[in-house]
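Worksheet for the structure shown next.
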Amino acid sequence: MIDTIAVVGATGAVGRIIVESLLARQFPARRIKLLASPRTAGKPFVVAGATMDVEVLRPESFEGVQIAIGSTPDEVAAEFVPWAVERGTVVVDESGYFRMRPDVPLVIPEVNPGDIDRHKGLIASPNCSTTQMVMVMKPLHDAARVKRVIVSTYQAVSGAGLAATSELRDATAAWLEGRGEVKSVFSHPIAANLIPQIGSPRPGGSTSEELKMVHETRKILGDESIGVCATCIRVPVANCHSESILIETERKLSAAEARRLLENAPGIVVIDDLDSKLYPLPRDCSGRDEVFVGRIREDDSSPCGIALWCVSDNLRKGAATNAVQIAEHLAARMARGGVPVRP
């Protein structure tokens, strides 16, 4: 058991789930320290029926902290992570700021847990859309080597924060009643609509969100040769990202073999019975930690293609749960006497 784990950004949507998860999973720490900005620190914070203190994030906040999980914007992560690492804290960071640095492991525990051991005080957790896709790719890659993946994401508004969830609710009511919709988070009306842009434009016509999926996938799987074509779409769904994925492998996999591989993969639940209209749905998967897969079938247009449908709670496995799982691996290593690697 470690002495203290800190949660940075504890009062945010993902931060709250991190705290709930630490408590529910009985994380092996004597103390959970909650840190946030001066705007929210000091206010009553009730989680799992208990009121917990929230302290203001400062450099000295990390004295005596063995592990910290950060759920903050990039600019906040850029500031606080060096404070923590300098004081001997190992940080699991949810932001995108450090993900593609060569010396920072980018980890999904079910996929590449060994990369945790090469950290230098910092481990990054991937983008939510990347996480669920790579979870599905991993068993197929191990069995038949993935050459290319084509993915269209259907991303819930919860991925854009609490204000986005409120905007969906208010905009839907306004649309149904024929009233004017107010836009503050999204560039277009979100009610009864699809927005085929998440992130900022990049040269060549992709968005920053799409390129995250390209580069993060290759880094996590350790294979720069994998082709990734991603189209990321914001949809009027409250929670859970969905993905339509076509995976092309070096060796042909039958649908039955792919299904067996996925059924036996950690963290994946297969729901796949088209005749009975059974497949993963966002409303059914919300609040769950697993990645759900269905509609598994061979692609007749590709000699070695497997098509499938994938749904996962973007706030949980896509963010909070993945970070907590990394922290659990770290705590177990520390309990065995492992010394955190330093620069």
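Annotations
- Test: Glu243 is among the charged types (D, E, K, R) and within 14 Å of the chain's Cα centre (by Cα): yes
- Residue within segment 37-45 that is surrounded by 13 or more Cβ atoms within 10 Å (Cβ to Cβ), at pLDDT below 95 and hydrophobic (A, V, I, L, M, F, W, C) present: yes
- Only residues that are touching a Pro at 6+ places or on another chain (Cβ under 9 Å), surrounded by 22 or more Cβ atoms within 10 Å (Cβ to Cβ) and under 15 Å from Ala323 (Cα atoms) were counted in segment 120-134, giving 3.
- Segment 224-233 - residue that is surrounded by 14 or more Cβ atoms within 10 Å (Cβ to Cβ) and not hydroxyl-bearing (Ser, Thr, Tyr) and, of those, farthest from Pro102 (Cα to Cα): Ile233
- Selection status of Asp115, part of a helix (DSSP H, G or I), outside the structural domain of Ile306 (by TED's automatic domain parsing), surrounded by 14 or more Cβ atoms within 10 Å (Cβ to Cβ) and not aromatic (Phe, Trp, Tyr): yes
- Checked against the criterion of being at pLDDT below 95 and touching a helix residue (DSSP H, G or I) at 6+ places or on another chain (Cβ under 9 Å), the candidates Glu110, Glu181 yield just one match: Glu181.
- Close contacts from segment 295-310, counting a first residue that is within 25 Å of Ala156 (Cα to Cα) and of a type in the set (Val, Ile, Thr) and a second that is in a loop (DSSP other than H, G, I, E, B) and modelled with pLDDT of 95 or more, with Cβ to Cβ under 9 Å and a gap of 6+ residues or different chains, come to Ile296/Asp272; Ile306/Leu253; Ile306/Ser254; Ile306/Asp299.
- Considered as a group, the residues in segment 62-94 that are small (Gly, Ala, Ser) and surrounded by fewer than 21 Cβ atoms within 10 Å (Cβ to Cβ) include one that is farthest from Asn127 (Cα to Cα), and that residue is Gly64.
- The set of residues in segment 265-323 being assigned to a strand (DSSP E or B) and among the charged types (D, E, K, R) consists of Asp273, Arg295, Arg297, Glu298.
Residue by residue, here is whether (1) in contact (Cβ under 8 Å) with a residue 40 or more places away in the chain; (2) buried (at least 20 other Cβ atoms within 10 Å of the Cβ); (3) touching a strand residue (DSSP E or B) at 6+ places or on another chain (Cβ under 6 Å) holds:
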site: Ala191; (1), (2), (3): yes, no, no
site: Gly205; (1), (2), (3): no, no, no
site: Ser208; (1), (2), (3): no, no, no
site: Val235; (1), (2), (3): yes, no, yes
site: His241; (1), (2), (3): yes, yes, yes
site: Arg260; (1), (2), (3): no, no, no
site: Asn264; (1), (2), (3): yes, no, no
site: Ser276; (1), (2), (3): no, no, no
site: Ser286; (1), (2), (3): yes, no, no
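- Among residues that are under 28 Å from Ser225 (Cβ atoms) and in a loop (DSSP other than H, G, I, E, B), Ala258 is not included.
- Looking only at residues of segment 16-33 that are aliphatic (A, V, I, L, M), in contact with a helix residue (DSSP H, G or I) (Cβ under 7 Å, 6 or more places away or on another chain) and under 23 Å from Asn314 (Cβ atoms), we find that the one that is surrounded by the most Cβ atoms within 10 Å (Cβ to Cβ) is Ile18.
- In segment 210-221, the condition of being outside any helix (DSSP H, G or I) and not aromatic (Phe, Trp, Tyr) is met by no residue.
The values are calculated or read from the model by the stated rules, or taken from the named source; none is laboratory data. Everything numeric here is computed off the predicted structure, so don't read it as measured data. Every residue, glycine among them, receives a Cβ derived from its backbone with ideal geometry; neighbour counts consider all protein chains shown.
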